[in-house]
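The structure under discussion appears below in the form of structure tokens.
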Amino acid sequence: MLKQFLNLKLSQKLSPQQIQLMKLIQLPTQAFEQRLKEEMIDNPALEVGTDEEIYEKDEFDTEDDFDDNETIDADEINIDEYLSDDETPDYKLQANNYSDDDEDRSSPIAAQVSFHQDLINQLNTFILPENEREIAEFLVGSIDDDGYLRRTIQDVVDDLAFTQGIYTEEKTVEKILHIVQNLDPIGVGARDLQECLLLQLKHKTPTEYIELAIDLIENQFEAFTKKHYEKLLQKYEISQEQLKKAIEEIEKLNPKPGGSFAGNSRMIEQIVPDFTIRIIDGELELSLNGRNAPSLHVSKDYQDMMQTYKVSSEKSNSQKDAVQFIKQKLDSAKWFIDAIRQRQETLYVTMNAIMHFQEEYFLDGEETSLKPMILKDIADLVGLDISTVSRVANSKYVDTPYGTKLIKEYFSESMKNDQGEDVSTLEIKKILQNVVESEDKSKPYPDDLLADILKEKGYPIARRTIAKYRDLLDIPVARMRKKI
């Protein structure tokens with residue numbers, strides 16, 4: 001039996017231009033600059049500068065200009081729309097976003113030898129037969145950026161055969177690995193943390209506590225990592241002071257020997273603040289990084305080409321094809337300029353709303369002053385979609401008198417204190433962190449006791465919530481925080 005249903009569905013479909021605008025808004029400063037460079041290369045009608053003739057947004061009707069299915073009739077193009085003598089752009093950066101004496105300084109980066117190349121250079125100081133050198137170089141190439149060989153010897157033997165045509169045995173590879181493990185930094189080439197620590201300890205000058213530390217790592221590694229100190233004291237029949245000294249020797253070691261290498265090949269991301277907040281005469285002042293607001297205009301050469309076409313008495317097919325191409329590039333350039341202006345305005349009004357919402361915090365820098373704030377709070381204030389506010393908050397940084405932070409870190413849910421007042425979960429996390437930092441490390445607080453302490457401070461929180469916040473703050477359980 002067939003049944004018919006009438007279903008009304010209301011949906012909103014974003015245009016390609018709206019999608020592109022959302023992508024522009026999401027880009028942080030450095031990524032935006034790269035996107036701008038790409039657009040400049042792709043569209044010759046778009047130029048950077050302030051001394052050329054510039055198109056005003058008001059002079060163009062860009063509606064439907066970007067319909068990919070549109071057929072352009074060159075004879076119907078209003079050439080005058082693309083000609084302008086106005087030299088005053090309305091999209092230039094506002095004066096309070098930068099000053100004339102601002103300098104775009106960049107620090108030179110010294111050329112450095114990569115971590116793996118440094119290991120190869122050290123290896124070249126060893127006199128090895130050719131086949132052993134090839135195996136040693138393969139082992140070095142298999143070491144990760146932390147300095148570990150995360151593969152079994154059997155896997156290395158198989159890969160040498162399949163990829164290098166080198167047929168060898170496990171004992172040969174093991175022997176050559178010991179040579180690699182003598183390279184600096186000590187601990188490199190270890191297959192796990194236990195071996196890494198042992199390599200470093202055995203390289204030290206032997207003392208009573210070094211020898212005890214070696215025994216601990218070699219024979220009681222699990223008990224040591226789980227901090228079963230009472231068991232270790234009984235096992236070795238030593239005093240707490242002796243065990244403490246041995247542990248101090250272990251704590252001096254580097255669990256990631258490759259990570260400390262200055263020339264490590266891993267990229268270090270440089271954070272460029274998208275906003276700056278300063279306190280001027282007791283008032284907050286917000287500025288947008290000037291690199292987000294380039295001075296753009298449509299190419300005068302393209303304008304001249306349109307003028308030439310207009311005054312031409314005879315219009316050939318090739319000229320008509322050319323003017324269609326020119327119109328497409330001009331429309332694209334105008335849209336991009338307008339999109340950048342919309343991006344600037346969206347970023348500024350969103351951050352401005354966040355700054356005033358959290359005014360108390362930005363004035364005194366106390367994290368306990370942060371109010372509960374969710375995306376909807378800001379979206380309602382500025383009249384934007386929650387998704388737009390999220391794009392700004394999740395990818396942008398703000399430079400404040402108290403450091404540079406990711407904007408989304410200022411957002412938090414609310415909880416009730418014992419007075420029935422809404423407090424930020426950020427405030428509770430900060431108090432929890434302070435309690436843990438001030439605890440007696442010989443008797444760290446378990447989660448149920450932490451819950452009781454916060455309850456006494458006016459924050460009635462369940463033990464499971466304490467555990468959740470502790471994990472978010474990267475605070476280990478009580479047993480792992482214990483020290484002798």
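Calculate, for region 127-282, the solvent-accessible area per residue in square angstrom, rolling a 1.4 angstrom probe over the heavy atoms of the protein chains.
The answer is 56 Å² per residue.
Can you pull the one-decimal nm distance between simple spin-label points at Glu38 and Asp145, each 7 Å off the Cα toward Cβ?
In this crude spin-label approximation the distance works out to 2.2 nm.
Compute the distance in nm between two label points, each set 7 Å from the Cα along the Cα-to-Cβ direction, one at Asp159 and one at Lys455.
5.4
Can you compute the label reach from Val349? Point 7 Å from Cα along the Cβ direction, backbone N cut-off under 14 Å, restricted to region 376-400.
378-386, 388-389
For the pair Ile280 and Thr205, how long in nm is the line joining their label points, each one 7 Å along Cα→Cβ?
Each label point is offset 7 Å from its Cα along the Cβ direction, giving 6.0 nm.
Of the peptides 141-153, 416-428, 184-196, how do they stack up when ordered by the mean number of other Cβ atoms within 10 Å, highest first?
Top to bottom by mean Cβ count within 10 Å: 184-196, 141-153, 416-428.
With bins 10 Å wide starting at 0, give me the P(r) of region 141-263 over every alpha carbon pair, in whole percents.
Once binned at 10 Å, the Cα pair distances of region 141-263 give 12, 37, 28, 17, 5, 1.
Defining a contact as two alpha carbons under 8 Å apart and six or more residues distant in sequence, what relative contact order in percent does region 332-473 show?
18
Less than 19 Å apart at the alpha-carbon level, and either on another chain or at least 8 residues along: which lysines does that give for Lys227?
The reachable lysines, counting only those whose Cα sits under 19 Å from Lys227, are Lys235, Lys244, Lys245, Lys252, Lys441, Lys443, Lys482, Lys483.
Can you compute the label reach from Tyr402? Point 7 Å from Cα along the Cβ direction, backbone N cut-off under 11 Å, restricted to region 415-443.
So the set is 427.
Could you give the length gained on full extension between Glu169 and Glu409, defined as 0.36 nm per residue of separation minus the Cα-Cα distance, in nm?
The span from Glu169 to Glu409 would gain 81.1 nm if fully extended.
Compute the length gained on full extension between Phe221 and Gln30: take 0.36 nm times their separation in residues and subtract their Cα-Cα distance, giving the result in nm to one decimal.
64.2 nm
Net charge near Met22, counting Lys/Arg +1 and Asp/Glu -1 over other residues with Cβ under 11 Å of its Cβ?
Result for the neighbourhood of Met22: +2.
Between Ser114 and Asp448, what length in nm is gained on full extension when 0.36 nm per residue of separation is reduced by their alpha carbon distance?
Taking 0.36 nm per residue and subtracting the Cα distance, the gain is 115.4 nm.
Add +1 for every Lys or Arg and -1 for every Asp or Glu among the other residues with Cβ under 12 Å from the Cβ of Asn121, and state the total.
Residues near Asn121 contribute -3 overall.
Can you list the HN-Hα couplings for region 182-197, worked out from phi with the Karplus curve (6.51, -1.76, 1.60; θ = phi - 60°), rounded to whole Hz and with x for Gly and Pro?
Values per residue, Gly and Pro as x: 8, 6, 8, x, 4, x, 5, x, 5, 8, 7, 4, 4, 5, 4, 5 Hz.
The values are calculated or read from the model by the stated rules, or taken from the named source; none is laboratory data. All figures in this text were calculated on a predicted structure; none of them were measured in a lab. Using ideal geometry, Cβ is built from the backbone for each residue, glycine included, and neighbour counts are taken over all protein chains shown. For the accessible areas, the whole protein counts, side chains as well, though only heavy atoms, and no ligand, DNA or RNA atoms are used. Shrake-Rupley method; radii C 1.70, N 1.55, O 1.52, S 1.80 Å.
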